[in-house]
Amino acid sequence: MKGVLLVNLGSPDSTTTKDVRKYLDEFLMDERVIDVPYLLRAFLVKGIILNTRPKKSAAAYKKIWWDEGSPLIVLSKRLQKKTAAHTSVPIVLAMRYGNPSIKFGLQELADKGVDDVLIVPLYPQFAMATTETILVLAEEIRKKHFPKMQFTNVPAFYKHPDYVRALGNSIKNHLKEKKWDYLLFSYHGVPERHIKKSDITKSHCKIDGQCCQTASPAHDYCYRHQCYETTRQVGDYLGLKEGSFSTSFQSRLGRDPWLQPYTDQTIEKLAHEGVKKLAIVTPAFVSDCLETLEEIGMEGKEEFLKAGGEEFHVIPCLNDGDEWVKTLARWIDEWATQN
């Protein structure tokens, strides 16, 4: 029997410092998030970060927390429920970090009699800290607890025409009654070394402004290329004029080089250059979360207005929008009808 496991990032169980610390511990101790040797990672996370960051992060979560709970969890549940209504295939939701766990989700599918699972990482672009860590953990759990299950996964869908259309229409519908001068595509950042580690050719990725434009098998796993290609394809779909939009990267951590240009600096630069009405979309996420609601919607807006901007339009993620739900259901049905 076939079934689907939707997997998103995850969230703390509450806004208490204790729950945020627990969540950050699981998240940051993932070797594909902070990819340094275990002892150094443990020193950085448990010895430094977890002694300072949980309180600050808890305060940020409190700003965006809904009565129903974490926005990311609530929106993911809505997506799961609405998608399930469009297909007869059982669909279960899981989180890479926090609850409900991937093991919990697989157990729920097993209890329904499912032994053939389509794993859907809810990330349009591939990255070792997102899609890869989901698939690796799911496989470890399968081998240990569900050895008779077989897995298929939805590959990065950043350039799938259905996704480009859904994202493009979402942007268009949100901005149709708003005036804007510039559209910024802000993606979650990753360290530059992650890009090079994911290079299956071991030689193509140089992050030099040219490698992402030169065809290569490396692009199948290159987060940077996939982000720029998302921007390009959506820009083409919307008919955006050259110079009216660009790509940036947010949420950097630590002192190592991360993908540039940085979103916060780009927001200020655009305001200083005379952009008065800025629209911003976050295509690395399909569900609104701390990084979109607080980092962009609150901090980013404050930075833009302080730098001289006048209007700051945050375009919601796809969330549980009807076109995105139908797209996801169609992909699931296509898989389910295969032999």
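Charging the Cβ of each Asp and Glu at -1 and of each Lys and Arg at +1, and nothing else, the dipole of the chain about its Cα centre rounds to 420 debye. For a label point 7 angstrom out from the Cα of residue 81 toward its Cβ, which stretches of region 41-68 have the backbone nitrogen within less than 18 Å? Only 66-68 fall inside the zone, counting backbone N under 18 Å.
When you count the other C-beta atoms within 10 angstrom of each residue and take the mean per peptide, 199-206, 12-19 line up highest first as 12-19, 199-206.
For region 160-246, what is the relative contact order in percent, using Cα pairs closer than 8 Å and at least 6 residues apart in sequence? Write down the numbers at each step before the final one.
Working: 58 pairs, mean separation 34.2, N = 87.
This gives 39 percent for region 160-246.
What would the Debye formula give as log10 I(q)/I(0) at q = 0.09, 0.11, 0.22 Å⁻¹ for the alpha-carbon point model of region 1-132, no solvent? Evaluating at q = 0.09, 0.11, 0.22 Å⁻¹ gives log10 I(q)/I(0) of -0.31, -0.46, -1.29. The HN-Hα couplings worked out from phi for region 140-149 by the Karplus form 6.51 cos²θ - 1.76 cosθ + 1.60 (θ = phi - 60°) are 4, 5, 4, 4, 7, 10, 9, x, 8, 6 Hz, whole numbers, x standing for Gly and Pro.
For the listed peptides 143-149, 26-32, a ranking on the average number of other beta carbons within 10 Å per residue, highest first, reads 26-32, 143-149. Computed over region 75-152, relative contact order equals 26 percent, with contacts defined as Cα pairs under 8 Å that lie 6+ residues apart.
Taking the mean number of other Cβ atoms within 10 Å as a proxy for protection, how do you rank 221-234, 50-63 from highest to lowest?
Values: 221-234: 23.2, 50-63: 15.6.
In descending order of packing, they fall as 221-234, 50-63.
Remark: 216, 170, 244 ranked as 244, 216, 170, counting other beta-carbon atoms within 10 Å and listing the fewest first. The radius of gyration of the Cα set in region 161-314, together with its Dmax, comes out at 15.6, 47 angstrom.
Annotation: amide H-H contacts under 5 Å for residue 313 (H modelled 1.01 Å from N, sequence separation of 5 or more, or interchain): 278, 279, 280.
First obtain the Kirkwood hydrodynamic radius of region 1-72 from its Cα pairs, then insert it into the Stokes-Einstein equation at 20 °C and 1.002 mPa s, and state the resulting D in µm² per second as a whole number. Once the numbers are plugged in, D ends up at 159 µm²/s. Ordering 114, 20 by the number of other Cβ atoms within 10 Å of each residue's own Cβ, fewest first, gives 114, 20. Comparing 40, 250, 151 along the charge dipole axis of the chain, the residue lying farthest to the positive side is 40, per the Cβ-charge model. Ordered by the count of other Cβ atoms within 10 Å of each Cβ, fewest first, 177, 302 give 177, 302. Rounded to the nearest 20, the size of the Cβ-charge dipole of region 161-314 about its Cα centre is 340 debye, with Lys and Arg at +1 and Asp and Glu at -1.
Distance distribution P(r), region 221-280, all Cα-Cα pairs, bin width 10 angstrom from 0: 19, 47, 30, 4 percent.
Average projection, convex hull of the Cα set of the chain: 17.8 square nanometres.
Simple spin-label estimate for residue 42 and residue 67 gives 4.5 nm between the two label positions (7 Å along the Cα-to-Cβ direction from each Cα). The Kirkwood hydrodynamic radius of region 42-111, based on inverse pair distances between different Cα atoms, is 14.6 Å.
Could you tell me the calculated FRET efficiency between residue 181 and residue 139, based on Cβ-Cβ distance and R0 = 51 angstrom, to the nearest 0.05?
Computed FRET efficiency for residue 181 and residue 139 comes out at 0.65.
Only the coordinates and a few stated rules stand behind these numbers; no lab work does. Keep in mind it's a predicted model, so treat the numbers as computed, not measured. Cβ sites come from the backbone with ideal geometry, for glycine too, and all protein chains shown count toward neighbours.
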